[in-house]
Structure formats: C-alpha cells, structure tokens
1. Consider the stretch 26-53. How many of its residues are of a type in the set (Gly, Ala, Ser) and over 17 Å from ASN84 (Cα atoms)?
2. Quick one: count up the residues across the stretch 17-38 that are of a type in the set (D, E, K, R) and closer than 18 Å to HIS97 by Cβ.
3. I need the full set of residues from the stretch 1-48 which are β-branched (Val, Ile, Thr) and closer than 21 Å to LEU88 by Cα, in order please.
4. Considering every residue within the stretch 98-108, establish whether at least one is more than 30 Å from ASP7 (Cβ to Cβ) and touching a Pro at 6+ places or on another chain (Cβ under 8 Å).
5. Being touching a helix residue (DSSP H, G or I) at 6+ places or on another chain (Cβ under 8 Å) and modelled with pLDDT of 90 or more narrows it down to one of ARG64, ARG74, so name that one.
Amino acid sequence: MKRTISDFEVEFQKMKPLVIERSKGICEAAEFVRSLMRQSDGGALIVITLAAESMMQHHRCAGRVMHVHHRKYRSRGGGNSLDNLLGLCEPCHYWAHSESVMSNLLGITLHTNQSEEL
C-alpha cells in the first residue's frame, strides 16, 4: 500500500529550510523568549520571567536546531506559517512538549484560541 503525503506535510517540508535559514541553525527558544520579554511589562513580564526561569532550570539548550516546532499544533488548527514555526534544539523541543503550561506562557506552544501571529 502506497503512503500518500498530505498537502500539509508537503507545505511543512517546504517551510523547514526557511526556518533553518531564519535561525541560522541556532535554537530560537532563548531569542524568542527575550523578544517576548522586551515587549512585555508589569504583571505579564513577571509571569514571563518566572516561566523563562523554569525553562532554564529544567534543561540545557543544545544550541543547534534539530526540530522545526509548530507553536500551534496542527491538531489545534495551526498552520505552516513562519510565525507558527520555531527552530528548536532537542532539549528545548522536549521541554516545549513536556512542560506545556510554562511553554504556553512563553508562547512556544499555543492553545486553539490563540493567534499564531507574532
């Protein structure tokens, strides 16, 4: 039985090199969080800072992109736009999926009702 590849997967494969190019092959998690912190203030900044500290305490970023991560998963209605894709190293990718609450506070993962736009 021949396996067919979905249009979503074809599009995703086309976007991967663009994410790698944007990131220059370096994990985007830390820069993504820094950017979010620069845009925040007050109570939001405190929450983001606590989530970022949790991220840094639970793993060590390996630096090199190994996964192209959907911030909003396909199962939640996410697409393959560059805003929805992050280049992550293995430890950051694992953390994003295993620490969903903290990852969501940092915008590394998104819920169904959250916009992919940055």
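1. Restricting attention to the stretch 26-53, the residues satisfying the condition of being of a type in the set (Gly, Ala, Ser) are 29-30, 35, 40, 42-44, 51-52.
Among the residues that remain, those that are also over 17 Å from ASN84 (Cα atoms) are: 40, 42-44, 51-52.
Result for the stretch 26-53: 6.
2. Filtering the stretch 17-38 for residues of a type in the set (D, E, K, R) gives 21-22, 24, 28, 31, 34, 38.
Checking which are closer than 18 Å to HIS97 by Cβ leaves us with 28.
Result for the stretch 17-38: 1.
3. Just the residues of the stretch 1-48 that are β-branched (Val, Ile, Thr), to begin with: 4-5, 10, 19-20, 26, 33, 46-48.
VAL10, VAL19, ILE20, ILE26, VAL33, ILE48, listed by residue number.
4. No, the stretch 98-108 contains no residue that is more than 30 Å from ASP7 (Cβ to Cβ) and touching a Pro at 6+ places or on another chain (Cβ under 8 Å).
5. Details: ARG64 fails: touching a helix residue (DSSP H, G or I) at 6+ places or on another chain (Cβ under 8 Å).
The conditions single out ARG74.
The values are calculated or read from the model by the stated rules, or taken from the named source; none is laboratory data. Computed from a predicted structure; not experimentally measured. FYI the Cβ positions are ideal-geometry reconstructions off the backbone, even for glycines, and counts take in every protein chain you see.
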